[in-house]
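Taking it in order: structure first as structure tokens, then the write-up.
The values are calculated or read from the model by the stated rules, or taken from the named source; none is laboratory data. The model shown is predicted, which means the values in this text are computed figures rather than measured ones. FYI the Cβ positions are ideal-geometry reconstructions off the backbone, even for glycines, and counts take in every protein chain you see.
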Amino acid sequence: MEIKRATIKDVTILTEFRKIQLMDEGQEPIIDIDETVSAYFKDGFERGVNVSWIVYDGEVSIACGSVVFLSAPPSYINKTGEYGYIHSIYTDKKYRGQGIATKLTKMAIEEAKRRGVKVVRLQASEEGLSVYEKVGFVMHNEHMILRL
């Protein structure tokens, strides 16, 4: 297996993995999100705020992971307000249990450290919870949501 840093040329692969991940997490594909997911990744690459990796077994892509760097108001727990948000960590079902998601998560954390970011967040699926706890994430319920 080989892990490659993704580029804007890999947006189609990242988009397909994102859609599969959402369906695996129980979301019904009731709308077409190809254009918006692709635009999200393209914009992140162009602005230099998104870093993604794709894992290959030979020529076949089997996993991916991303971290996007965002800004929030500074606070006592995050002086700069800058944070990394790990997302789209996904491994093909046939390759799970081999430490791939853990490796991608650690790579995202290292990228955050390299950029000087002191806080990293993510939203864990039930299946991914143990992966994230293993590398040091803890549950922190600080957000509410309103869907408009």
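Before moving on, here are some points about what is shown:
- Looking across Glu111, Glu133, one residue alone is among the charged types (D, E, K, R), touching a strand residue (DSSP E or B) at 6+ places or on another chain (Cβ under 7 Å) and in a helix (DSSP H, G or I). It is Glu111.
- Test result for Ala101, within 19 Å of Tyr40 (Cβ to Cβ), within 11 Å of the chain's Cα centre (by Cα) and either modelled with pLDDT of 95 or more or not β-branched (Val, Ile, Thr) (or both): no
- Residue list for segment 7-41, filter: in contact with a helix residue (DSSP H, G or I) (Cβ under 6 Å, 6 or more places away or on another chain) and touching a residue at least 60 places away in the same chain (Cβ under 8 Å): Leu14, Arg18
- Single unsatisfied condition, Arg96 versus (1) closer than 26 Å to Ile20 by Cα; (2) of a type in the set (D, E, K, R); (3) loosely packed, with under 12 Cβ neighbours inside 10 Å: (3)
Here's the yes/no breakdown for (1) touching a residue at least 12 places away in the same chain (Cβ under 8 Å); (2) in contact with a His (Cβ under 8 Å, 6 or more places away or on another chain); (3) of a type in the set (Lys, Arg); (4) not in a helix (DSSP H, G or I):
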residue	(1), (2), (3), (4)
Asp43	no, no, no, no
Val51	yes, no, no, yes
Val55	yes, no, no, yes
Cys64	yes, no, no, yes
Ile77	yes, no, no, yes
Ile86	yes, no, no, yes
Ile89	yes, no, no, yes
Gly97	no, no, no, yes
Lys103	yes, no, yes, no
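- Unique residue being under 14 Å from Tyr90 (Cα atoms) and at pLDDT 95 or above when the list is Val55, Val11: Val55
- Taken over segment 103-126, the criterion of being under 23 Å from Gly26 (Cβ atoms) and surrounded by 12 or more Cβ atoms within 10 Å (Cβ to Cβ) is satisfied by Leu104, Thr105, Arg121, Leu122, Ala124, Ser125.
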